[in-house]
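Right, one structure below, let's go through it.
The values are calculated or read from the model by the stated rules, or taken from the named source; none is laboratory data. Since the structure is predicted, the reported quantities are computational estimates derived from the model, not experimental observations. Here the Cβ positions follow ideal geometry from the backbone for every residue, glycine too, while neighbour counts run over all protein chains shown. Calculation scope for accessible area: heavy atoms of the full protein, side chains included, ligands and nucleic acids excluded. Shrake-Rupley method; radii C 1.70, N 1.55, O 1.52, S 1.80 Å.
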Amino acid sequence: MLLTTGQAAEELGCAITTYRRLIRAGVLPGISRRGVRVMTPLWVVQALQKRAPAPVDRLGADLLGVLRVDAARQVQDTDRKWAGYAAGLGPDDLLKGLRGWWRCDAASVAAGGVLPVTLSGYVVAVLTGLDRWEKGEGGRHAFPDAVLAGHVTDLATPVKHLTAPRQTDRDLADLLLGTRLTSHSGGAIAYVATGNRSAN
């Protein structure tokens, strides 16, 4: 059975524009077209419905930065070709497109030790190596030493690619990738309380 974009968004309880980000980013398998309509297999939507929330209480900080991105678009920056997320981008382009420049409290992001990257509320990538940051214009920051610990190319199954050199970073990515992580923010970076008071 196939669902229209509107039907899929309704099943997931999200806006159509939110669901379209997942389609544009290429993270949903089995997408087909009927004329102008984009169709999603029912099993894909059901897999997203059943996705567990991110186990943020298992992380070693009580406040976690979350990078909320859109589907990747080309940009004319000196240090990157893309901003945002797409399943078809390689690890190098993904890392360059995700490590900056964001308006944020860089020290708070670094203190979390890990930066989950969400697309429409699902973790599609994980960054580590956030100890050093650079400040740009308008309160924007970048993390030049950031490591792409892992990313997904298929959110429904999910298909995870663990790319960090360190096993601890790969374990973090494996823990978070494909999970649901709700966050609210007017900007790209949101902050989520983990409920982990042991970090104090």
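For the reader, a short list of remarks on this structure follows.
- Cα-Cα separations in region 73-113 greater than 17 Å, expressed as whole percent: 38 percent
- Accessible surface of the chain [probe 1.4 Å, protein heavy atoms]: carbon and sulfur percent: 48 percent
- Reachable aspartates and glutamates, given that their alpha-carbon falls under 20 Å from the alpha-carbon of residue 96 and they are not under 8 places away in the same chain: 70, 77, 79, 105, 131, 134, 137, 145, 169
- Cα long-axis angle, helix 167-176 against the chain (0 to 90 degrees, to the nearest 10): 40 degrees
- Distribution of pairwise C-alpha distances over region 40-91, 10 Å bins, in %: 17, 28, 36, 18, 0
- A simple packing score, the average count of other Cβ atoms within 10 Å per residue, orders the peptides 49-55, 82-88, 179-185, 26-32 as 82-88, 26-32, 179-185, 49-55, with the highest score first.
- Measuring nothing but alpha carbons in region 132-200 and taking Rh as the Kirkwood radius, the Rg to Rh ratio lands at 1.01.
- Dividing the convex hull volume of the alpha carbon atoms of region 96-163 by its residue count gives 89 Å³ per residue.
- Rolling a 1.4 Å probe over the protein chains gives residue 159 an accessible area of about 60 Å².
- Region 141-200, accessible area per residue, ligands and nucleic acids excluded (1.4 Å, Å²): 47 Å²
- Region 46-128, accessible area per residue, ligands and nucleic acids excluded (1.4 Å, Å²): 42 Å²
- Peptides 102-114, 144-156, 8-20 ranked from most to least packed give 144-156, 102-114, 8-20, packing being the mean of other C-beta atoms within 10 angstrom over each peptide's residues.
- Percentage relative contact order, region 71-200, counting C-alpha pairs under 8 Å, at least six apart: 20 percent
- Within a straight-line Cα-Cα reach of under 13 Å, residue 160 can be paired with the following aspartates and glutamates, leaving aside sequence neighbours fewer than 8 residues apart in one chain: 171, 174.
- For region 38-132, the spread of Cα positions along the three principal axes, ordered from largest to smallest, is 43, 38, 20 Å.
- Largest first, the extents of the alpha carbon coordinates of the chain on the three principal axes equal 49, 41, 32 Å.
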